[in-house]
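Take a look at the structure below.
The values are calculated or read from the model by the stated rules, or taken from the named source; none is laboratory data. All of these numbers come straight from a predicted model, not from anything done at the bench. Heads up, the Cβs are rebuilt from the backbone with ideal geometry, glycines too, and the neighbour counts pull from every protein chain shown. Note: accessible area is taken over every heavy atom of the protein model, side chains too, but ligands, DNA and RNA are not part of it. Shrake-Rupley method; radii C 1.70, N 1.55, O 1.52, S 1.80 Å.
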Amino acid sequence: MSTDRYDFRRCKLCGELAAHPRYQLKGSFIHVCEACDFHFINNLDVMPDNDPEYEARTLDVTAWNFIASHLKKNRRQLQGRLALVSHHRSLADAECLDIGAGVGLFSHLLQEAGATPYGIEPQLVFRQFAKEKFGVTLHAETIDSPFWQESFAGHFDLVTLWDTLEHLNFPVETLRDAARVLKPGGMLFLDTPSRDSFYYKISEWSYRLSNGANPLFLNSLYSPKPFRHKQIFTVRQLTELFEKLDLEIIALNRSGLFDSSNKIVLAGKKPA
Ligand SMILES: [Zn+2]
(Lines give C-alpha, C1' and ligand atoms only; values in the text may rest on other atoms or scores of the structure.)
Protein backbone atom coordinates (compact mmCIF):
# COMPACT_ATOMS: atom_id res chain seq x y z
CA MET A 1 0.00 0.00 0.00
CA SER A 2 1.30 3.44 -0.89
CA THR A 3 2.17 5.75 1.98
CA ASP A 4 2.42 9.03 0.05
CA ARG A 5 -1.16 9.26 -1.17
CA TYR A 6 -3.14 7.36 1.44
CA ASP A 7 -6.71 8.61 1.84
CA PHE A 8 -7.19 8.82 5.61
CA ARG A 9 -10.95 8.64 5.18
CA ARG A 10 -10.26 4.97 4.51
CA CYS A 11 -10.21 3.06 7.78
CA LYS A 12 -6.94 1.22 8.32
CA LEU A 13 -8.79 -1.58 10.15
CA CYS A 14 -12.00 -2.34 8.22
CA GLY A 15 -11.16 -0.63 4.91
CA GLU A 16 -14.42 1.35 4.73
CA LEU A 17 -14.37 4.98 3.56
CA ALA A 18 -15.86 5.98 6.91
CA ALA A 19 -13.09 7.56 9.00
CA HIS A 20 -13.28 11.21 9.98
CA PRO A 21 -10.99 13.49 12.04
CA ARG A 22 -12.39 13.78 15.58
CA TYR A 23 -9.50 14.80 17.86
CA GLN A 24 -6.99 17.48 16.88
CA LEU A 25 -3.56 16.80 18.36
CA LYS A 26 -0.11 18.34 17.94
CA GLY A 27 0.62 17.90 14.24
CA SER A 28 -2.09 15.33 13.56
CA PHE A 29 -5.75 14.35 13.86
CA ILE A 30 -7.11 11.14 15.31
CA HIS A 31 -9.46 9.73 12.68
CA VAL A 32 -12.35 7.66 13.99
CA CYS A 33 -14.10 5.09 11.80
CA GLU A 34 -17.89 5.26 11.88
CA ALA A 35 -18.11 1.65 10.77
CA CYS A 36 -15.79 -0.07 13.26
CA ASP A 37 -14.71 2.69 15.70
CA PHE A 38 -10.99 2.28 14.91
CA HIS A 39 -8.78 5.19 16.01
CA PHE A 40 -5.69 6.17 13.97
CA ILE A 41 -3.83 9.36 13.15
CA ASN A 42 -3.44 10.86 9.68
CA ASN A 43 0.27 10.20 9.45
CA LEU A 44 2.39 7.46 7.90
CA ASP A 45 6.12 6.83 8.01
CA VAL A 46 8.27 7.19 4.95
CA MET A 47 10.20 3.95 5.05
CA PRO A 48 14.00 4.28 5.02
CA ASP A 49 14.16 2.47 1.66
CA ASN A 50 12.27 5.38 0.12
CA ASP A 51 14.27 8.10 1.86
CA PRO A 52 17.70 8.69 0.33
CA GLU A 53 18.86 10.84 3.26
CA TYR A 54 17.85 8.33 5.88
CA GLU A 55 20.81 5.99 5.67
CA ALA A 56 23.08 8.93 6.48
CA ARG A 57 21.88 8.91 10.11
CA THR A 58 24.06 6.42 11.92
CA LEU A 59 24.89 5.36 15.45
CA ASP A 60 26.89 8.03 17.30
CA VAL A 61 27.84 8.27 20.99
CA THR A 62 24.68 10.21 21.88
CA ALA A 63 22.45 7.59 20.23
CA TRP A 64 24.44 4.75 21.83
CA ASN A 65 24.10 6.25 25.33
CA PHE A 66 20.41 6.94 24.85
CA ILE A 67 19.70 3.37 23.79
CA ALA A 68 21.94 1.88 26.49
CA SER A 69 20.15 3.86 29.22
CA HIS A 70 16.86 2.08 28.36
CA LEU A 71 18.26 -1.45 28.10
CA LYS A 72 17.78 -2.51 31.72
CA LYS A 73 14.07 -1.72 31.81
CA ASN A 74 13.52 -3.23 28.36
CA ARG A 75 15.39 -6.37 29.36
CA ARG A 76 13.11 -6.87 32.39
CA GLN A 77 10.01 -6.50 30.26
CA LEU A 78 11.25 -8.73 27.43
CA GLN A 79 12.36 -11.44 29.85
CA GLY A 80 8.73 -11.53 31.02
CA ARG A 81 7.58 -11.86 27.41
CA LEU A 82 10.12 -14.62 26.83
CA ALA A 83 8.72 -16.53 29.82
CA LEU A 84 5.22 -16.20 28.35
CA VAL A 85 6.32 -17.51 24.95
CA SER A 86 8.27 -20.42 26.43
CA HIS A 87 5.20 -21.38 28.48
CA HIS A 88 3.47 -22.16 25.16
CA ARG A 89 6.34 -23.60 23.18
CA SER A 90 9.83 -24.86 23.90
CA LEU A 91 12.37 -22.37 22.59
CA ALA A 92 15.06 -24.96 21.93
CA ASP A 93 15.51 -25.19 18.16
CA ALA A 94 12.53 -22.88 17.51
CA GLU A 95 12.71 -20.72 14.38
CA CYS A 96 11.61 -17.26 15.55
CA LEU A 97 10.90 -14.00 13.78
CA ASP A 98 10.78 -10.77 15.79
CA ILE A 99 9.07 -7.96 13.86
CA GLY A 100 10.06 -4.52 15.12
CA ALA A 101 13.17 -5.97 16.72
CA GLY A 102 14.47 -2.61 17.94
CA VAL A 103 18.03 -2.95 19.22
CA GLY A 104 17.96 -6.76 19.02
CA LEU A 105 17.48 -7.47 22.73
CA PHE A 106 14.68 -10.02 22.26
CA SER A 107 16.62 -11.74 19.47
CA HIS A 108 19.55 -11.91 21.87
CA LEU A 109 17.38 -13.46 24.61
CA LEU A 110 15.95 -15.97 22.12
CA GLN A 111 19.45 -16.97 21.12
CA GLU A 112 20.46 -17.49 24.75
CA ALA A 113 17.39 -19.73 25.13
CA GLY A 114 18.51 -21.95 22.26
CA ALA A 115 16.19 -20.59 19.56
CA THR A 116 17.19 -19.37 16.11
CA PRO A 117 16.21 -15.70 15.93
CA TYR A 118 15.53 -13.54 12.91
CA GLY A 119 14.68 -9.87 13.41
CA ILE A 120 13.20 -7.10 11.29
CA GLU A 121 14.09 -3.51 12.14
CA PRO A 122 13.75 -0.64 9.64
CA GLN A 123 15.85 1.85 11.64
CA LEU A 124 19.54 1.67 10.80
CA VAL A 125 20.81 2.99 14.16
CA PHE A 126 19.00 0.18 15.96
CA ARG A 127 20.40 -2.44 13.58
CA GLN A 128 23.90 -1.06 14.15
CA PHE A 129 23.44 -1.18 17.92
CA ALA A 130 22.16 -4.78 17.73
CA LYS A 131 25.22 -5.78 15.76
CA GLU A 132 27.76 -4.06 18.01
CA LYS A 133 26.20 -4.86 21.40
CA PHE A 134 24.75 -8.34 20.86
CA GLY A 135 26.35 -9.53 17.63
CA VAL A 136 22.84 -9.89 16.21
CA THR A 137 22.25 -9.14 12.52
CA LEU A 138 18.80 -7.66 11.95
CA HIS A 139 17.07 -7.37 8.59
CA ALA A 140 15.88 -4.11 7.05
CA GLU A 141 13.39 -5.82 4.71
CA THR A 142 9.85 -5.43 6.03
CA ILE A 143 7.56 -8.46 6.31
CA ASP A 144 5.70 -7.67 3.06
CA SER A 145 8.91 -8.00 1.03
CA PRO A 146 9.52 -11.00 -1.27
CA PHE A 147 12.57 -11.75 0.92
CA TRP A 148 10.20 -13.00 3.66
CA GLN A 149 7.04 -13.83 1.74
CA GLU A 150 8.74 -16.04 -0.83
CA SER A 151 11.70 -17.52 1.03
CA PHE A 152 10.11 -17.90 4.48
CA ALA A 153 6.44 -18.74 3.74
CA GLY A 154 5.24 -21.24 6.35
CA HIS A 155 8.70 -21.24 7.95
CA PHE A 156 8.52 -19.91 11.51
CA ASP A 157 7.48 -21.61 14.75
CA LEU A 158 7.07 -18.23 16.44
CA VAL A 159 6.50 -14.65 15.32
CA THR A 160 6.59 -11.82 17.87
CA LEU A 161 5.69 -8.13 17.69
CA TRP A 162 6.57 -6.41 20.97
CA ASP A 163 5.45 -2.77 21.15
CA THR A 164 5.25 -2.76 17.38
CA LEU A 165 1.63 -2.89 16.18
CA GLU A 166 0.92 0.70 17.23
CA HIS A 167 3.93 1.94 15.21
CA LEU A 168 3.11 0.30 11.88
CA ASN A 169 1.80 2.07 8.81
CA PHE A 170 -0.62 -0.76 7.98
CA PRO A 171 -1.10 -3.07 10.99
CA VAL A 172 -3.72 -5.36 9.40
CA GLU A 173 -1.54 -6.07 6.38
CA THR A 174 1.51 -6.65 8.58
CA LEU A 175 -0.32 -9.17 10.78
CA ARG A 176 -1.66 -10.95 7.68
CA ASP A 177 1.88 -11.12 6.26
CA ALA A 178 3.18 -12.29 9.64
CA ALA A 179 0.61 -15.09 9.75
CA ARG A 180 1.75 -16.24 6.28
CA VAL A 181 5.32 -16.89 7.40
CA LEU A 182 4.11 -19.01 10.35
CA LYS A 183 4.23 -22.78 10.08
CA PRO A 184 0.91 -24.60 10.47
CA GLY A 185 0.56 -24.75 14.26
CA GLY A 186 2.95 -21.81 14.66
CA MET A 187 2.20 -19.02 17.11
CA LEU A 188 2.07 -15.24 16.95
CA PHE A 189 2.60 -13.15 20.10
CA LEU A 190 2.23 -9.40 20.49
CA ASP A 191 1.74 -6.61 22.96
CA THR A 192 0.40 -3.16 22.25
CA PRO A 193 -1.22 -0.27 24.16
CA SER A 194 -4.91 -0.70 24.91
CA ARG A 195 -7.58 1.82 24.02
CA ASP A 196 -9.70 0.36 26.82
CA SER A 197 -7.34 1.88 29.37
CA PHE A 198 -8.40 4.48 31.90
CA TYR A 199 -5.75 6.86 30.53
CA TYR A 200 -7.26 6.76 27.07
CA LYS A 201 -10.86 7.12 28.22
CA ILE A 202 -10.19 9.99 30.59
CA SER A 203 -8.24 11.74 27.83
CA GLU A 204 -11.20 11.48 25.46
CA TRP A 205 -13.56 12.81 28.14
CA SER A 206 -11.19 15.66 28.89
CA TYR A 207 -10.87 16.55 25.20
CA ARG A 208 -14.63 16.67 24.77
CA LEU A 209 -15.36 18.59 27.96
CA SER A 210 -12.70 21.20 27.09
CA ASN A 211 -13.64 21.42 23.40
CA GLY A 212 -10.19 20.17 22.47
CA ALA A 213 -8.22 22.49 24.74
CA ASN A 214 -7.10 19.68 27.08
CA PRO A 215 -6.45 16.33 25.41
CA LEU A 216 -4.59 15.05 28.55
CA PHE A 217 -2.57 12.02 27.45
CA LEU A 218 -3.66 11.83 23.80
CA ASN A 219 -0.56 13.76 22.68
CA SER A 220 1.67 11.17 24.31
CA LEU A 221 -0.41 8.18 23.17
CA TYR A 222 -0.01 9.27 19.52
CA SER A 223 2.70 11.10 17.63
CA PRO A 224 3.23 12.12 14.00
CA LYS A 225 7.02 11.84 14.48
CA PRO A 226 8.79 9.05 12.56
CA PHE A 227 8.21 5.51 13.89
CA ARG A 228 5.90 6.63 16.71
CA HIS A 229 2.35 5.57 17.65
CA LYS A 230 -0.18 5.75 14.83
CA GLN A 231 -3.11 3.64 16.05
CA ILE A 232 -4.40 2.11 19.25
CA PHE A 233 -6.65 -0.96 19.29
CA THR A 234 -9.31 -2.02 21.73
CA VAL A 235 -9.08 -5.60 22.99
CA ARG A 236 -12.19 -6.48 21.02
CA GLN A 237 -10.86 -5.03 17.74
CA LEU A 238 -7.66 -6.98 18.12
CA THR A 239 -9.23 -10.32 19.07
CA GLU A 240 -11.69 -9.99 16.17
CA LEU A 241 -8.80 -9.26 13.82
CA PHE A 242 -7.00 -12.41 15.01
CA GLU A 243 -10.15 -14.44 14.31
CA LYS A 244 -10.41 -12.90 10.85
CA LEU A 245 -6.79 -13.89 10.17
CA ASP A 246 -7.61 -17.46 11.29
CA LEU A 247 -5.43 -17.22 14.39
CA GLU A 248 -6.93 -19.13 17.31
CA ILE A 249 -6.47 -17.11 20.49
CA ILE A 250 -4.36 -19.02 23.01
CA ALA A 251 -3.50 -16.22 25.44
CA LEU A 252 -5.02 -12.86 26.26
CA ASN A 253 -4.01 -10.52 29.02
CA ARG A 254 -5.97 -7.30 28.93
CA SER A 255 -4.42 -4.81 31.29
CA GLY A 256 -6.61 -3.75 34.16
CA LEU A 257 -8.35 -0.40 33.82
CA PHE A 258 -5.81 1.22 36.15
CA ASP A 259 -2.78 -0.83 35.13
CA SER A 260 -0.05 1.66 34.34
CA SER A 261 1.37 -0.55 31.58
CA ASN A 262 -1.90 -0.18 29.60
CA LYS A 263 -0.92 -3.16 27.47
CA ILE A 264 -2.86 -5.86 25.71
CA VAL A 265 -0.84 -9.07 25.46
CA LEU A 266 -2.28 -11.44 22.88
CA ALA A 267 -1.19 -14.73 21.32
CA GLY A 268 -2.74 -16.70 18.47
CA LYS A 269 -2.10 -20.06 16.84
CA LYS A 270 -2.26 -20.86 13.14
CA PRO A 271 -4.33 -23.98 12.40
CA ALA A 272 -2.17 -27.12 12.26
ZN1 LIG B 1 -13.28 0.88 10.24
What does the accessible area of residue 81 come to, in Å² to the nearest 10, when a probe of 1.4 Å is used? 40 Å²
List the lysines whose Cα sits under 30 Å from the Cα of residue 12, skipping any in the same chain fewer than 8 residues away. 26, 183, 201, 225, 230, 244, 263, 269, 270
Determine the share of the stretch 113-272's accessible area contributed by carbon and sulfur atoms, expressed in whole percent, with a 1.4 angstrom probe. 53 percent
Could you tell me the ratio Rg/Rh of the stretch 124-231? Both radii from Cα atoms, Rh via Kirkwood. 1.09
So for the stretch 69-176, considering every pair of alpha-carbon atoms, how many percent are separated by more than 21 Å? 32 percent
Straight-line reach from residue 133: which lysines fall under 19 Å, measuring Cα to Cα and dropping same-chain residues less than 8 apart? 72, 73
Expressed in nm², what is the orientationally averaged projection area of the convex hull enclosing the Cα positions of the stretch 1-129? 10.8 nm²
Whole-Hz Karplus ³J(HN,Hα) for the stretch 113-125, in order, using 6.51 cos²θ - 1.76 cosθ + 1.60 and θ = phi - 60°, x for Gly and Pro? 8, x, 8, 9, x, 10, x, 10, 8, x, 8, 4, 4
So for 28, 86, what's the accessible-area order with a 1.4 Å probe, most first? 86, 28
Taking amide H atoms as placed 1.01 Å from N in the peptide plane, list the residues 5 or more away in sequence, or in a different chain, whose amide H sits under 5 Å from that of residue 97. 118, 158, 159, 160
Over the chain, what number does the Rg to Rh ratio reach, with both radii from the alpha-carbon atoms and Rh per Kirkwood? 0.95
Let's test the formula: R0 of 25 Å, r as the Cβ-Cβ distance of residue 210 and residue 37. What FRET efficiency results, to the nearest 0.05? 0.70
Calculated from DSSP helices alone, with each H run of at least 4 adding -39500 (n - 2.57) and the total divided by the residues of the chain, [θ]222 nm to the nearest 500 comes to -9000 deg cm²/dmol
Long-range amide H partners of residue 23 with built H, under 5 Å: 30
How large is ³J(HN,Hα), in whole Hz, for each residue of the stretch 219-225 in order, when computed from phi with the Karplus curve 6.51 cos²θ - 1.76 cosθ + 1.60 and θ = phi - 60°, using x for Gly and Pro? 6, 9, 7, 10, 7, x, 5
Working from Cα positions, state the angle (0 to 90°, nearest 10) between the long axis of helix 235-244 and the longest principal axis of the chain. 60 degrees
Explain nothing, just the number: dipole magnitude of the chain about its Cα centre with +1 on each Lys and Arg Cβ and -1 on each Asp and Glu Cβ, in debye rounded to the nearest 20. 880 debye
Along the charge dipole of the chain, which of 249, 32, 202 sits closest to the positive end, that is, farthest toward it, with unit charges on the beta carbon of Lys, Arg, Asp and Glu (+1, +1, -1, -1)? 202
For residue 139, which sequence-distant residues (separation of 5 or more, or a different chain) have an amide H within less than 5 Å of its own amide H, given hydrogens modelled in the peptide plane? 119, 120, 121
In Å², rounded to a whole number, the accessible area per residue of the chain with probe 1.4 Å is 49 Å²
Stretched out fully, how many nm does the piece from residue 70 to residue 245 gain, at 0.36 nm a residue minus the Cα gap? 59.6 nm
